[in-house]
Amino acid sequence: MEFAVVDLETTGLDARVDRIIEIAIIIADNDGDVVQRWSSLVQPHRPVDATHIHGLTDEDLTDAPSFHDLIPTIHELITGRVFVAHNVRFDLDFLNAEFERNGFPLDLPREIGVCTMEQSYIYLPEGRHNLVACLERAGIARPVHHRSLGDAECARELLRFYLYAEETRQRYMHVATNRFGDEILPLEWERATRAVGTQAPRPIRTRS
């Protein structure tokens, strides 16, 4: 089992109209330790916005590659691995939208993902579930800068914490419900691993 821990910075919160401006992917082994790190700025071909969150400006992205240029690398890094992110639905929605815009509708399903935010209901004491709050309750001394590589490292540290907590039988709950009413169970990575195994590999199909 290997994990692709992903973090994105975007121009906004709506995957239908906003764009990715930075992406980081950290490959981790089955203990959550780093195997490989990769990150890139992304040219969104529209005004950046949200600079107050991530600090990135239009000028920072002038020479950045487009998402289209990065598709082969992204595809190689995530294929066959469990997809991990803090608020995994957000990252999956943005990646799927960008793949579709670029003629490569990969359609990554939620089932292949592990959400470090949702698993905090199981493996951390009660509290808020944003990245900063989860790190604090896990005792992980790592700052959150709202830049992709640093925040992907934070999500990876949380994943490693959860893996060890499960191995040592340290759960705070055995089942929980998130704010949308969805049921959250432990060991999400085991279910995601099975789902990854059912996904047939897709060829790269980029626009000419």
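The values are calculated or read from the model by the stated rules, or taken from the named source; none is laboratory data. Since the structure is predicted, the reported quantities are computational estimates derived from the model, not experimental observations. Because the Cβ atoms are built from the backbone with ideal geometry, glycine has one as well, and the counts that use them run over all protein chains shown. What goes into the accessible areas is simple: the full protein's heavy atoms, side chains included, and nothing from ligands, DNA or RNA. Shrake-Rupley method; radii C 1.70, N 1.55, O 1.52, S 1.80 Å.
Tally up the carbon and sulfur contribution to the accessible surface of the chain as a whole percent, 1.4 Å probe, everything protein left in place. Accessible surface attributable to carbon and sulfur in the chain totals 49 percent. Projecting the Cα atoms of TRP38, ALA64, PHE99 onto the charge dipole of the stretch 1-136, computed from C-beta unit charges around the Cα centre, puts PHE99 farthest toward the positive end. Per-residue SASA remark: MET1, around 100 Å² accessible (1.4 Å probe; ligands, DNA and RNA not included). Note the angle between two axes, namely the Cα long axis of helix 67-78 and the longest principal axis of the Cα atoms of the chain, as a number of degrees from 0 to 90, rounded to the nearest 10. Helix 67-78 sits at roughly 30 degrees to that axis.
The H on the amide N of GLU2, modeled in the peptide plane, is under 5 Å from the matching H of VAL82, each at least 5 residues off or on a different chain.
Under the Kirkwood approximation for Rh and a Cα-based Rg, what ratio Rg/Rh is obtained for the stretch 57-142?
Expressed as Rg/Rh, it is 1.06.
Ranked from largest to smallest solvent-accessible area, with a 1.4 Å probe on the protein heavy atoms, VAL5, VAL144 come out as VAL144, VAL5.
What is the percent of Cα-Cα separations in the stretch 13-76 that go past 20 Å? Could you put the intermediate results ahead of the total?
Details: 734 of 2016 pairs.
So the portion of pairs separated by more than 20 Å is 36 percent.
With runs of 4+ DSSP H residues as the only contributors, calculate the mean residue ellipticity of the chain at 222 nm using -39,500 (n - 2.57) per run, divided by the residue total and rounded to the nearest 500.
-10500 deg cm²/dmol
Couplings 3J(HN,Hα) of the stretch 136-142, computed from phi: 4, 6, 7, x, 9, 8, 9 Hz, in residue order, whole Hz [Karplus 6.51 cos²θ - 1.76 cosθ + 1.60, θ = phi - 60°; x for Gly and Pro].
Here the Karplus curve 6.51 cos²θ - 1.76 cosθ + 1.60, taken at θ = phi - 60°, turns the phi angles of the stretch 24-29 into couplings of 10, 10, 10, 7, 10, 7 Hz, with x standing for Gly and Pro.
How much FRET efficiency would the formula 1/(1 + (r/R0)^6) give for ARG194 and THR79, where r is the Cβ-Cβ distance and R0 is 25 Å, rounded to 0.05?
Numbers: r = 16 Å, r/R0 = 0.65.
In this case the efficiency is close to 0.95.
Cα centroids of the stretch 175-197 and the stretch 22-65: 27 Å apart.
Using a cut-off of 14 Å between beta-carbons, work out the net charge of the residues near GLN170 (Lys and Arg +1, Asp and Glu -1, GLN170 not included).
Working: positive: ARG137, ARG160, ARG169, ARG171; negative: GLU166, GLU167.
Result for the local shell: +2.
Probing with 1.4 Å while keeping every protein chain in the model, the per residue accessible area of the chain equals 50 Å². Using a Gaussian network model of the chain in which every pair of alpha carbons under 10 angstrom is joined by a spring, one finds that among VAL84, VAL114, VAL42 the greatest mean-square fluctuation is at VAL42.
Order THR198, THR11, most accessible first, counting only protein heavy atoms with a 1.4 angstrom probe. Mind dumping the intermediate values first?
On the way: THR198 105, THR11 5 Å².
Putting THR198, THR11 in descending order of accessible area: THR198, THR11.
Coupling constants for the stretch 81-94 follow from the phi torsions by the Karplus curve (6.51 cos²θ - 1.76 cosθ + 1.60, θ = phi - 60°), and in residue order they are 10, 5, 8, 10, 7, 8, 6, 5, 4, 4, 5, 5, 4, 5 Hz; glycine and proline get x.
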